[in-house]
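This report concerns only the one structure given below.
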Amino acid sequence: MPSNKAARIALSASAAAIGSIAAYWTLLATRQGHILFNARKLPVVPLSDDFSTYSHTVPGGMVRGYVYHPQGEEALQDLFIYFAGRGEDVRATARTLHWLPEGFGFAAVNYRGVADSQGHPSEIASVQDASQFARHLRKAFPHARLHVVGRSLGTGVAIQLAARQDFASLQLVTPYDSMLEVAKKRFPLVPLALLLRHQFNSLEHCKEVAAKTQVLLAESDDVVLPERSQKLIAAWPTPVSVQTVPASDHHSIMDLEATWLHLVDFALTSVLSEPKVA
């Protein structure tokens, strides 16, 4: 009968749809680290002799990083430790460092699986690598003041690092309250609360942060929506400076001179406001 045939077609279509959704959810569950970090190899970005290299061993290979100190190690007074956004190669970001004044340096590692780093990316791994990198920098540059900077995805790493170690300042560029809330916008039909292992719950981790903090927001941001940043700012346990970078969006903000001037000014202000030891 036609009705039976129509019913069979409808059931087949429903089964196919359910199977596709299940396969999609399985992919997100098993590959979510690579999807979240946008882990992939990227073309080599040449860097000048003003950079030194860093690496440490992880399961599956090496995590690689770079330190910019153009005036030499002895002249380095303030060092930004930078944690990148999703899929960002820190070697490419390093091409904007001509805006840093004398005495400032820049240090960053590529997340596992991103660009020239190897291994499998995850929230736990990124924070572990950040902690190890920061300890290395303290030993390598004992006279430099260390400032943590995180951008987008990297703000979740930066906050957890600042909750574990002391730094001269913490600066967050387009931060979010939790990756779970951000991801809900992109995957509205997925039960992310059950599937997402890398939740970067900055609302929880920020409770342990004591460093002087600045937040830089993009004038237009359709990736981390303003309410996600504002919720984190409202929950911050200490006073926080908030600046909006004119003519910026989520992707261009680190390419603008104004952003780097804000980072430098706040780092210097944080150092100058430190109480003097009697």
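Residue-by-condition table, conditions (1) at pLDDT below 95; (2) closer than 24 Å to Val45 by Cα:
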site: Ala94; (1), (2): yes, yes
site: Asp116; (1), (2): no, yes
site: Arg164; (1), (2): no, no
site: Tyr176; (1), (2): no, no
site: Ala193; (1), (2): yes, no
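Listed by position, the strands (runs of 3 or more DSSP E) enclosed by segment 44-105 that each have at least 1 residues that are among the small types (Gly, Ala, Ser), touching a strand residue (DSSP E or B) at 6+ places or on another chain (Cβ under 7 Å) and on the phi < 0 side of the Ramachandran plot are 51-58, 61-68.
Look at segment 20-44: where a residue is farther than 21 Å from Ser152 by Cβ and a partner is assigned to a helix (DSSP H, G or I) and modelled with pLDDT under 70, sitting 6+ places away or on another chain with Cβ atoms under 6 Å, you get Ala29/Leu195. Can you tell me which residue in segment 61-72 is surrounded by the most Cβ atoms within 10 Å (Cβ to Cβ), limited to those that are modelled with pLDDT under 95 and in contact with a Gly (Cβ under 9 Å, 6 or more places away or on another chain)? Across segment 61-72, the extreme among qualifying residues is His69. Taking segment 118-154 as the range and being in a loop (DSSP other than H, G, I, E, B) and closer than 24 Å to Thr259 by Cβ as the test, the residues that pass are Phe141, Ala144, Ser152. Looking only at residues of segment 80-117 that are closer than 24 Å to Phe266 by Cα and of a type in the set (S, T, N, Q), we find that the one that is nearest to the chain's Cα centre (by Cα) is Thr93. Where helices (runs of 4 or more DSSP H) sit wholly within segment 176-261, those with at least 3 residues that are among the hydrophobic types (A, V, I, L, M, F, W, C) occupy 179-186, 192-195, 226-235.
The values are calculated or read from the model by the stated rules, or taken from the named source; none is laboratory data. Everything numeric in this text was worked out from a predicted model, so none of it was measured. Please note: Cβ atoms are built from the backbone with ideal geometry, for glycine as well, and neighbour counts cover all protein chains shown.
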